[in-house]
Amino acid sequence: MALWGGRFAGDASAMFKQVNDSLPFDYVMAAEDITGSIAWSKGLVRAGVLNDQEQQDLEACLRALLEQVEAGSVDFSASGEEDIHSFVEAYLTDKLGDLGRKLHTGRSRNDQVATDFRLWCKRHLAGLKHDLINLMDALLKCASRHDGVIMPGYTHLQRAQPVLFTHWCLAYNEMLKRDITRIDDCVNRLNQSPLGCGALAGTTFAVDREQLAAELGFAGPCLNSLDAVSDRDFVLELLFCASTGMMHLSRMAEDLIFYNSGEAGFLQLSDAVTSGSSLMPQKKNPDALELMRGKCGRVFGHLQGLLVTMKGLPLAYNKDMQEDKEGAIDAVNQYHICLCIGSEVLDGLSVNQDATRKAAQQGYANATELADYLVGKGVPFRTAHDISGQAVVRALAKGVALEELSVDEFQSLHPQIQDDVYPWLELEAVVSKRNQPGGTSHAMVTQALYVEHEYLDKLKASVSS
Ligand code: ARG
């Protein structure tokens, strides 16, 4: 039965129900709606609306429903109710009669939905943080497994300078660390309780909003009732967390897709995360990675969609805001799936270090070293850069590597280049020289890997405590 029946003589049309009902998707907040309702029932005791026995009866009934929800045995769609709030209320009224009809005293679905959805976002942000930690774990393990492996680093997708594969892993580790702190920030900001703000102006009942907030695990109550029921910036922030996180995953996926290509041949992906072609028997396609990249479209779309929905809405609640849920639910689900499959990809990945090393040796990735060598001899960097460029042209014309040019050839370009240039041009030396913090030298990366393992251990301990 509709919650607003008294004012209406006619029934809602079937099409109106279809556009208006949110139960088909907001049933996912059932647990939050029940927890919020239990807290509210206690507030109504404080306000003198319910006696202890009534509260206990309501709570027992709500807990019984929660058990069924958790067991997955509730058929929401069969009820025909408008939304999860009316569904829970209808259940209570069905079981408890008039007592069930008392629970909504002083509460509006406006403060109720804002409370439920904040709780839902908090729960899922915690889940995503957990997924991110697992992915970091897989990434650091993958980094450790490939200790010392050298590969080309790229800019503009041109071989630029050699880097350690571990250094590449640690780059994504930094992004995942920021993705986690972004989630923490989002949770900190959304951690206020709208319950007790009523429809828009506040409630007349002395429910003790501080106490309500504490019971629901919020840091405190929202401070303005109009704001509490009308803003959805917390959903936008969740969508931004998911979008930025997915953007990071898509870049990692793209790197790996390229490394896995026949042209690069840098790595093997496990059979568990690849698929074959129905036509071409030789193919092993990186589908998991392509989907990590491709699913960005819908997740970014959800962020944009809700921004547009919220733009220009007058205070306070408007039904437009019901559109906040489907996109967020899908974004959380897709991001979760991608984080999990990302861990599986990394677990099963192995780098072909002969191929990466060979590629790092080609493509004149040591041209910067030649310039730096000349700088060491007192040549201004701009001049040194120019001479090194000429050396590359010379080597290219002969079809050889830079270090294969003779001293005579080098000296025809600049008299200061001597025999001692060759050790500078060796791959290991090129890597080892990048020994300032943040650089790719073996020493720096070994230390960084150690520090990051410790960081991850602390992170794991902080979420399990
Ligand atoms: N299903 C609604 C939503 O998700 C609940 C709030 C309804 N409030 C109202 N005044 N009609 O936004």
Tell me, what ³J(HN,Hα) does each residue in the range 449-459 have, in order and in whole Hz, if you take phi through Karplus 6.51 cos²θ - 1.76 cosθ + 1.60 with θ = phi - 60° and put x for Gly and Pro?
4, 4, 4, 5, 4, 5, 4, 5, 4, 5, 4
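Starting from the Kirkwood Rh over alpha-carbon pairs, what translational D in µm² s⁻¹ does the range 258-395 have by Stokes-Einstein at 25 °C and 0.890 mPa s?
Working: Rh = 20.1 Å.
Translational diffusion coefficient: 122 µm²/s.
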In nm, give the distance between the simple-model label positions of R178 and K311, each being 7 Å from the Cα along the Cα-to-Cβ direction.
2.6
Could you work out how far the C-alpha centroid of the range 1-74 sits from that of the range 373-397, in angstrom?
75
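How big is the shadow of the Cα convex hull of the range 319-373, averaged over all directions, in nm²?
Numbers: hull surface 31.8 nm².
The number I arrive at for the range 319-373 is 8.0 nm².
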Given a Förster distance of 35 angstrom, what is the FRET efficiency for S73 paired with A126, based on the Cβ-Cβ distance and rounded to 0.05?
0.90
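How much length is gained on full extension from Q56 to V19, taking 0.36 nm per residue of separation minus their Cα-Cα distance? Don't skip to the answer; put the middle values down first.
Details: separation 37, 0.36 × 37 = 13.32 nm, distance 3.66 nm.
Full extension from Q56 to V19 adds 9.7 nm.
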Taking a crude spin-label model, label points 7 Å out from Cα along the C-beta direction, the D408 to A160 distance in nm is 3.8
So, in Å, what gap is there between the alpha-carbon centers of the range 100-151 and the range 279-337?
16
Charge dipole of the chain about the Cα centre (unit charges at C-beta), most positive-ward option of G148, A391, I38:
A391
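Dipole magnitude of the range 216-364 about its Cα centre, charges +1 at Lys/Arg Cβ and -1 at Asp/Glu Cβ only, in debye to the nearest 20? Provide the component values of the computation, followed by the final result.
Details: 12 positive and 18 negative charges, 67 e Å.
Result for the range 216-364 is approximately 320 debye, rounded to the nearest 20.
What's the whole-number percent of alpha carbon pairs in the range 16-107 lying beyond 22 angstrom?
Result for the distance tail: 25 percent.
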For the chain, build the charge dipole from Cβ charges (+1 Lys, Arg; -1 Asp, Glu) around the Cα centre, then report which of T166, M321, T203 sits farthest towards its positive end.
T166
If you wrap a convex hull around the C-alpha atoms of the range 34-180 and split its volume per residue, what is the figure in Å³?
184
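With 21 Å as the limit, write out which pairs from K398/K433; K141/K460; K17/K42; K17/K319; K177/K433 have Cα-Cα distances beyond it, or answer none.
On the way: K398/K433 28 Å; K141/K460 15 Å; K17/K42 33 Å; K17/K319 13 Å; K177/K433 27 Å.
From the list (K398/K433; K141/K460; K17/K42; K17/K319; K177/K433), the Cα-Cα distance tops 21 Å for K398/K433; K17/K42; K177/K433.
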What is the gain in length, in nm to one decimal, between E263 and Y422 on full extension, counting 0.36 nm per residue of separation less the C-alpha to C-alpha distance?
54.3 nm
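Would you mind getting me the FRET efficiency between A272 and A206? Use the beta-carbon distance for r and R0 = 60 Å, nearest 0.05.
Numbers: r = 58 Å, r/R0 = 0.97.
Plugging the Cβ-Cβ distance into 1/(1 + (r/R0)^6) gives 0.55.
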The range 359-464 - charge dipole about Cα centre, Lys and Arg +1 at Cβ, Asp and Glu -1, debye rounded to 20:
380
Just the ratio, please: alpha-carbon radius of gyration of the range 139-197 over 2.2 N^0.38 Å, N its number of residues.
1.81
In sequence order, what are the phi-derived ³J(HN,Hα) couplings for the range 112-121 according to the Karplus relation 6.51 cos²θ - 1.76 cosθ + 1.60 with θ = phi - 60°, rounded to whole Hz, with x for glycine and proline?
5, 5, 5, 5, 4, 6, 4, 4, 4, 4
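So for the range 359-464, what are the equivalent ellipsoid semi-axes in whole Å, largest first, each being the square root of 5 times an eigenvalue of the Cα gyration tensor?
On the way: eigenvalues 285, 40, 22 Å².
Its equivalent ellipsoid spans semi-axes of 38, 14, 11 Å.
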Accessible-area value, S388, 1.4 Å probe, nucleic acids and ligands omitted, Å²
10
Paramagnetic label zone (point 7 Å from Cα along Cα-to-C-beta, N134; backbone N under 12 Å) in the range 256-277
none
With no solvent and one equal point scatterer per Cα, compute the Debye intensity ratio I(q)/I(0) for the range 337-420 at 0.14, 0.16, 0.21 Å⁻¹ and report its log10, rounded to two decimals.
-0.57, -0.65, -0.94
What size of dipole, in debye to the nearest 20, comes out for the chain about its Cα centre when the only charges are +1 on Lys and Arg C-beta atoms and -1 on Asp and Glu C-beta atoms?
640
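Expressed in nm to one decimal, what extension gain is obtained for the pair K358 and D320 from 0.36 nm per residue of sequence separation less their Cα-Cα distance?
Details: separation 38, 0.36 × 38 = 13.68 nm, distance 5.76 nm.
Here the segment from K358 to D320 would lengthen by 7.9 nm.
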Overall Cα dimensions of the chain, principal axis frame, Å, largest first
100, 52, 41
Please list the non-local residues whose amide H lies under 5 Å from the amide H of A160, H modeled 1.01 Å from N, same-chain partners needing a gap of 5 or more.
G153, Y154, T155
If packing is taken as the average count of other Cβ atoms within 10 Å, what order do 399-409, 343-353 fall into, highest mean first?
343-353, 399-409
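The values are calculated or read from the model by the stated rules, or taken from the named source; none is laboratory data. Quick caveat, the model's predicted, so the values are computed rather than measured. Note that each Cβ is placed from the backbone with ideal geometry, even for glycine, and that neighbours are counted across all protein chains shown. These area figures cover heavy atoms from the full protein model, side chains too; ligands, DNA and RNA do not enter into them. Shrake-Rupley method; radii C 1.70, N 1.55, O 1.52, S 1.80 Å.
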